[in-house]
Every structure is written in C-alpha cells, then in structure tokens.
Amino acid sequence: MMSPKDKYMNDPQYNNLVNMLENLIQQAHFTPSELREACVLASINYEMKHIRQMQIDPRIEDSLRILDEFTSRKSRRG
C-alpha cells in the first residue's frame, strides 16, 4: 500500500487533488480543518446515495441470533 506521499508522487489524479486542496488553503478559502470536514461529509454523502445490498451468510446470521439470545437472557444468579 502506497503512502499519501507516494501516491502524490506517482498518481497524477491524486497529485492534482492535493494541489487543488492546497491551493484552496493558500487562497484562504478554507482552513485545513474545514477541508477535512468537507472530505468526510463528501464520503458520507456518497455512501448514503450508493447503498449496497449486504448478503449475510446464513450460518453467520444464525450464530449472531444465538449470541443475541444468549446475551439477552436474564442472569440466573440473582
């Protein structure tokens, strides 16, 4: 896995993105914290718009049900 610096040096699109963000900071349009927040929000918005169906293996689902039943029981000690 490449580090962010390696990606910056080797991936032209990633390099362009970093340069664009750096330019926004330099022009005092946004603070680094605002850019981080905006990136996280963009990721959240994307995930909310692109919901994927999740298939749970029936064996795992059964195991989770058993664990839920076990942990939901009232304690017999008291």
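Please treat every number below as a calculation from the coordinates, not as lab data. Since this is a predicted model, take the numbers as computed values, not measurements.
Here is how the numbers come out for the structure above:
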| quantity | calculated |
| --- | --- |
| Potential lengthening between D6 and R36 on full extension [0.36 nm per residue; Cα-Cα distance subtracted] | 8.8 nm |
| Label of the coordinate-derived value, Cα extents along the principal axes in Å, listed as (1) 65, 29, 26; (2) 40, 30, 19; (3) 37, 26, 19 | (1) |
